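None of the figures in this text is laboratory data; all of them are computed from the coordinates on show. Since the model is a prediction, treat every value here as computed from it, not as a measurement. Because the Cβ atoms are built from the backbone with ideal geometry, glycine has one as well, and the counts that use them run over all protein chains shown.
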Amino acid sequence: MNPILRSISRTLPLVVKRPFRTWVGHLEAPVTKDELTRSREQASIPSFGFFFLLAAAATIATLGLIADSTAVIIGAMIVAPLMNPILSMAYSITTGNWTLYRRSILTLLLGIGITILLSFGLSRLMGVSVVGSEVLARTEPTLLDLGIAIAAGAAGGFALTRASIANSIAGVAIAVALVPPLCVVGIGLELGSSAVSPLRLSLGANSLATGALLLFLANLAGIIFTACLVFLLQSYGSIQAVLKGGLNWVLLVVLLCWPLWNSLREFIATYEIEQAMVLLQKDTKGRPQEWLLGQLGVELHGNRLNIEMGLFAEKGLISEGQIEALHDYLVDNIVRTKGVKQIKLKAFVSPIEVFTVEHTLTP
């Protein structure tokens, strides 16, 4: 029994000591360092199979993003082999194997370049300028995404050390997206400022590419950071090696925290604005079903909050006074509680006609 577990067992009361010993007896021993090193060296090789699978995954993900299909994108995550060189990088940092580290970085960089180029070319070939919710979902990462990447890195690193759960890597790849954000980078670079979305009022030049690249970097840094810790805690390397090769990744995680925190504030503000819109909807002459919120864009720059929304309503149903009341509500409930000192609300109200047809069947 492991010395730590043995000491824990001695402190347990008799009533739980026997079940504890039974459970400890079923603990699986980690794979040997030599075995894990061989598997990581094999996974870091820039082989034809790696690039073939990656090209297929990039194609599937790009077409799924253009088609706005969640199921197709999940399929691309399963096919993509990009997790292998990333975990090899984490292992090489922990063990101080710098030959493996350099080869893993080379494989990863080549994979990143191929994925972006393929998505760029497919996007141009398709000639589509309207992007859907699946694309936009990967352009506004928050601290929540970094937290997911940190948990995924721990799961991925631990799975490699246990033969019985090594197949769980596919689930880790689904939990933290790697190829789809890179495909959005390619799509964003191709579309530039011409990108149009039915869900937002405007998309800035290259905002798709920069947002998706931020998501990929957050996922990459989070996975490497915690995978290194998992390998280290299982005695696969040394603290000296981690300090030598891992400080850059720790610094990247710290640097990413600020823009991700700002995006989280925008995410929370967007949710609260949507709740405020529900209150406004209940105050529109008793006819809440005859108007709807079509578009909502929220940008938070320091202590300044810019809101743009598109509303569809019957002519005269929504007045300027109601928009001013909404502005006052936002000032009281968001500006004063979120550290925002300036708020700008711009509402576009598009008139619509509502036709209601009723018919009662007679027996």
Next item on the list: Only loop residues by DSSP count here, and only those with at most 15 other Cβ atoms within 10 Å; note down the chymotrypsin sites (Phe, Trp or Tyr not before Pro) in region 52-143 that meet that.
Entry: none
Check: For residue 348 and residue 328, FRET efficiency with R0 = 22 Å and r from the beta-carbon atoms, rounded to 0.05?
Finding: 0.65
Next item on the list: Can you tell me the dipole magnitude for region 33-237 around its Cα centre, using point charges on the Cβ only (Lys, Arg +1; Asp, Glu -1), in Debye to the nearest 20?
Entry: 300
Item checked: Burial ordering of 89, 309, 277, fewest other beta-carbon atoms within 10 Å first -> 277, 309, 89
Notebook entry, point to check: Taking other Cβ within 10 Å of each residue's Cβ, how do 249, 261 sort, fewest first?
Noted result: 261, 249
Check: What's the FRET efficiency of residue 244 with residue 174 using the Cβ-Cβ distance as r and R₀ = 45 Å, to the nearest 0.05?
Finding: 0.85
Note to self: If neighbour count is taken as other Cβ atoms inside 10 Å, put 253, 349 in order from fewest to most.
What the structure shows: 349, 253
